[in-house]
1. When you scan segment 222-234, how many residues do you find that are touching a residue at least 24 places away in the same chain (Cβ under 8 Å) and in contact with a helix residue (DSSP H, G or I) (Cβ under 7 Å, 6 or more places away or on another chain)?
2. State whether the residues of segment 366-381 include one that is assigned by TED's automatic domain parsing to the domain that holds residue 244, farther than 13 Å from residue 281 by Cα, surrounded by fewer than 13 Cβ atoms within 10 Å (Cβ to Cβ) and modelled with pLDDT under 90.
3. What about residue 321, is it assigned by TED's automatic domain parsing to the domain that holds residue 268, more than 23 Å from residue 223 (Cα to Cα) and crowded, with 16+ Cβ neighbours inside 10 Å?
4. Residue check: is residue 276 in a loop (DSSP other than H, G, I, E, B), modelled with pLDDT of 90 or more and either outside the structural domain of residue 180 (by TED's automatic domain parsing) or surrounded by 14 or more Cβ atoms within 10 Å (Cβ to Cβ) (or both)?
5. When the residues of segment 32-45 are narrowed to those that are touching a helix residue (DSSP H, G or I) at 6+ places or on another chain (Cβ under 7 Å) and modelled with pLDDT of 85 or more, which ends up surrounded by the most Cβ atoms within 10 Å (Cβ to Cβ)?
6. Look through 61, 75, 56, 83 and report the one residue that is in contact with a helix residue (DSSP H, G or I) (Cβ under 6 Å, 6 or more places away or on another chain), at negative phi and surrounded by 13 or more Cβ atoms within 10 Å (Cβ to Cβ).
7. Enumerate the pairs (first residue in segment 83-96 and more than 22 Å from residue 36 (Cβ to Cβ); second residue anywhere and loosely packed, with under 14 Cβ neighbours inside 10 Å) with beta-carbon separation below 8 Å, excluding pairs fewer than 6 apart on the same chain, so at least 6 apart or on different chains.
8. Can you go through 225, 280, 296 and tell me which one is farther than 17 Å from residue 331 by Cα and in contact with a strand residue (DSSP E or B) (Cβ under 6 Å, 6 or more places away or on another chain)?
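The values are calculated or read from the model by the stated rules, or taken from the named source; none is laboratory data. Fair warning: this is a prediction, and the values are worked out from it, not measured in the lab. Cβ placement follows ideal geometry from the backbone for every residue including glycine, while neighbour counts extend to all protein chains displayed.
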């Protein structure tokens, strides 16, 4: 050992984040254990690494006794007093070990200890780093596939994008770089698994946050986002600053901002709904791409229910294939939504004593000026 060794520990602390004193303590402990196994002097050892010179010194420890029963554990009191005249029977005596013997035994042990600790610290570092990055977007290389699972390479760690966290019908290619959400980090500091997602609503929210500066600046807030991955999403947004249109802000000039996100999601359509509207208007907008007038929405607050009357021609648009559109609208608004067709009077649908008629407003459309839907044409999905 030498001062160069101590300098190497300083460098390791700087580059790997492993405290120098921790490595020194581990070396002392490891050399002590190694001496017990291979050196016959004693069954207990004290090892110290000099912080100034880098030199390792060690002592075998024995108890001073009047009669020796176990030579590895005990030393005659008379012999002990030759080392330290003040020793009494039962005291521990430290017997110096030859420096060359220590160096021979310690060299391989130290190398093993340091290598093992570096690996442990790298695992701890990876766990802490990615645990702090949960619900954030990262870009990684698609490394390989295990069945339908995609394995990503982040350089210092691998991560898994399960099949059910992928966007349906969007195919990933090996060696391509893809944005994903770090959904969660499972396990612990010794062994962890990084789970990714592209289908979670949080992925959409983070894409919006990255693309729309006003969201990060606290001018516009994403209240809620719901998704049918690969098909349609609905996002409730609100402005925290007067005279700022949250929907238009998210859409961008000529749809520039929202189109970037749609492209990342493989063409998934996005409906933006202004949370500042009255409840009936929010429900009406949430049913986009169907054209629904807010005056055709009846709200029952106590039952968290909305009854909506629409033109029969809008049935497919409102429901969506398999009912996904109305289900998304219900999830976004937190209300059970019932659809009725035609011009039926709505007064009998509200709970007695709890009516909340919606104000008459201009008909909602599915274009960007009103509810933020960027579809260029109507579809039944």
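1. 9
2. No, segment 366-381 contains no residue that is assigned by TED's automatic domain parsing to the domain that holds residue 244, farther than 13 Å from residue 281 by Cα, surrounded by fewer than 13 Cβ atoms within 10 Å (Cβ to Cβ) and modelled with pLDDT under 90.
3. no
4. When the stated conditions are applied, residue 276 passes them.
5. Only one residue fits best here, namely 45.
6. Result: 56 is the single residue among 61, 75, 56, 83 that is in contact with a helix residue (DSSP H, G or I) (Cβ under 6 Å, 6 or more places away or on another chain), at negative phi and surrounded by 13 or more Cβ atoms within 10 Å (Cβ to Cβ).
7. Close Cβ pairs satisfying both conditions: 89/66.
8. 296
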